[in-house]
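None of the figures in this text is laboratory data; all of them are computed from the coordinates on show. Source: prediction; values computed, not measured. Reconstructed Cβ throughout: ideal geometry from the backbone, glycine too, with neighbour counts over all protein chains shown.
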Amino acid sequence: MRTIASMPRRIAAMAVLALLLPALPAAASPAPGSLIKLADRSSVYYYASDGKRYVFPNEKTYKTWYADFAGVTTVSAGEMASFGIGGNVTYRPGFKLVKIVTDPRVYAVSRGGVLRHVGSESVAAALYGASWAQLVDDIPDAFFVDYSIGAEIVSAGDYDRQAELDSESSINADKGMVDIVPVAVSAPHVGNCRIFPSDNPWNTDISGYPVSPNSAAYIATIGASKGLHPDFGEDPTYGIPYDVVGASQPKVPITFTAYGDESDPGPYPIPPDAKVEAGGDAHVLVVDKDDCVLYELFAAEKAGAGWNADAGAVFDLKSNALRPEGWTSADAAGLPVFAGLVRYDEVASGAIRHAIRFTASPTQRAYIHPATHQAGSTSDASAPPMGLRVRLKKDFDISGFPKDDQVILQAMKTYGMLLADNGGDWYFQGEQGAPWNDDDLNRLKSVPGSAFEAVETGPLIK
């Protein structure tokens with residue numbers, strides 16, 4: 001690896017990202033991993049664990065790390081002055097391809113701002129899809145000095161884009177410092193795609209939402225004395241699998257055998273060897289990481305050149321649009337399955353940034369948005385409706401649980417759980433085939449239903 005030391009360093013000319021944010025009241029001292037600004041200035045900095053602030057050269061760089069500008073902390077002028085400039089923030093590894101204006105070569109980004117020349121267009125297409133050229137950003141020459149040059153990527157096997165994305169949960173980590181989960185977090189990602197916008201119900205912090213007046217009844221029906229049940233683990237048949245494809249994945253015909261009138265028509269880009277959930281639900285989940293579209297099937301089976309399924313749904317990951325009222329999906333509630341899975345990479349990164357899917361039975365013949373469909377067996381008002389949001393109570397002590405369990409439980413406090421299907425009470429779903437630790441997961445079964453409360457997120461729709 002060589003550093004481009006010959007280029008002039010222009011720290012004095014570093015362009016601070018100018019964001020037109022409203023003035024905010026001064027807050028307490030920021031935690032490492034925060035975004036900070038002055039009350040009367042629009043420039044935003046990253047406050048790192050070394051006590052210094054780092055500059056976003058432009059908005060393109062910022063958007064590789066954050067989906068929006070929520071959670072920015074306002075600090076006083078004196079405090080800001082005490083945080084020395086640490087340098088520039090570089091592109092998030094794996095997120096985009098980059099080049100400089102004066103050099104036609106295209107680079108992939110690795111940890112620590114290491115640029116690796118992509119040796120050919122075919123390699124770029126293999127790593128970033130057929131639309132790879134649309135993912136190339138120009139870096140101004142003045143900021144190229146913030147990067148270093150690594151080994152050339154001669155073949156697709158030389159660079160694991162997903163691993164690069166998964167390896168960096170914060171700018172702290174990218175700078176080689178202690179990885180502290182940022183205060184201002186973005187929506188979850190797969191490849192270069194956010195799993196729905198940051199303000200999507202799945203990604204909304206509901207820790208401050210009011211308790212539902214029917215909370216006690218809902219919790220009692222689900223089971224106040226019943227424990228949480230992780231419906232995934234070391235057994236490779238437990239959990240729900242998914243596949244990630246690129247824009248080059250061929251689309252194949254889908255034949256719906258039960259709920260075609262409430263399904264999105266094919267074709268879908270389902271690989272012939274797509275992973276199928278074990279058991280009767282037989283979900284198939286596919287994320288197109290280039291076009292940012294989620295495809296899901298329920299009760300799927302391979303059929304000739306395509307697939308048969310009871311139902312199917314297509315979700316634009318860039319949109320908050322709901323399914324039509326009364327429509328199901330690959331889930332009973334009309335919700336996306338993938339959005340609520342506990343994924344191993346998220347747990348390993350130290351933060352799950354979305355609500356978690358769970359099941360209960362019986363359920364009410366009603367639903368609450370973002371659900372669009374009921375599959376209930378009773379009109380009893382004490383039974384939970386599809387789309388019900390529950391959260392782990394703020395005062396429930398999670399400090400004695402293993403680290404990975406704490407990540408899951410904290411997500412249940414911050415983002416809660418969404419009732420998505422009929423099934424085992426308090427069963428929540430996670431990724432199949434990941435290196436889970438059953439001893440740790442089984443500790444979660446000690447968390448009783450009484451530790452949860454239902455929150456108000458909208459009216460009942462019947």
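Using a 10 Å cut-off on Cβ atoms, rank the peptides 119-127, 327-335 from the highest mean neighbour count down. Please list the in-between numbers first.
Values: 119-127: 17.0, 327-335: 26.7.
Most protected by this proxy first, the peptides run 327-335, 119-127.
Remark: region 450-455, residue by residue, has Karplus-estimated 3J(HN,Hα) of 5, 7, 10, 9, 7, 10 Hz, where x stands for each Gly or Pro and the curve is 6.51 cos²θ - 1.76 cosθ + 1.60 at θ = phi - 60°.
Computed as a quarter of the hull surface, the mean projected area of the alpha carbon convex hull for region 182-247 stands at 8.1 nm².
Per residue, what volume in Å³ does the convex hull of the Cα atoms of region 351-432 enclose? Intermediate results must be reported in sequence, preceding the final value.
Numbers: hull volume 8.9 nm³, N = 82.
Measuring per residue, one finds 109 Å³ for the Cα hull of region 351-432.
Using equal-weight Cα scatterers in the Debye expression, the normalised intensity of region 293-338 in log10 at q = 0.13, 0.19, 0.29 Å⁻¹ is -0.30, -0.60, -1.08. Placing one identical point scatterer on every Cα of region 265-379 and ignoring solvent, what is log10 I(q)/I(0) from the Debye formula at q = 0.12, 0.13 Å⁻¹? Values returned for q = 0.12, 0.13 Å⁻¹ are -0.47, -0.55. Sorting 142-148, 386-392 by average packing, meaning the other beta carbons within 10 Å per residue, from highest down gives 386-392, 142-148.
The three principal axes of the Cα atoms in region 44-84 give end-to-end lengths of 28, 18, 17 Å, sorted in falling order.
Evaluating 6.51 cos²θ - 1.76 cosθ + 1.60 at θ = phi - 60° for every residue in region 212-223, the Karplus couplings come out as 5, x, 9, 4, 4, 5, 4, 5, 5, 5, 5, x Hz, glycine and proline recorded as x. For ASP243, the residues whose amide H sits under 5 Å from its own are LEU285, VAL286, VAL287, ignoring neighbours fewer than 5 places away on the same chain, with H placed 1.01 Å from N. Rg and Dmax of the chain, based on Cα coordinates, read 23.2, 74 Å.
If packing is taken as the mean number of other Cβ atoms within 10 Å per residue, what is the order of 312-324, 426-438, highest first? Each step should come with its number before you reach the end.
Details: 312-324: 17.1, 426-438: 19.0.
Averaged packing, sorted descending, gives the order 426-438, 312-324.
By the Cα gyration tensor, region 243-316 has an equivalent ellipsoid whose semi-axes, rounded to whole angstrom, run 18, 13, 12 from largest to smallest.
Which whole-number value in Å³ per residue fits the convex hull of the alpha carbons of region 42-110? It would help to have the intermediate numbers written out before the result.
Working: hull volume 8.0 nm³, N = 69.
About 115 Å³ per residue, rounded to a whole number.
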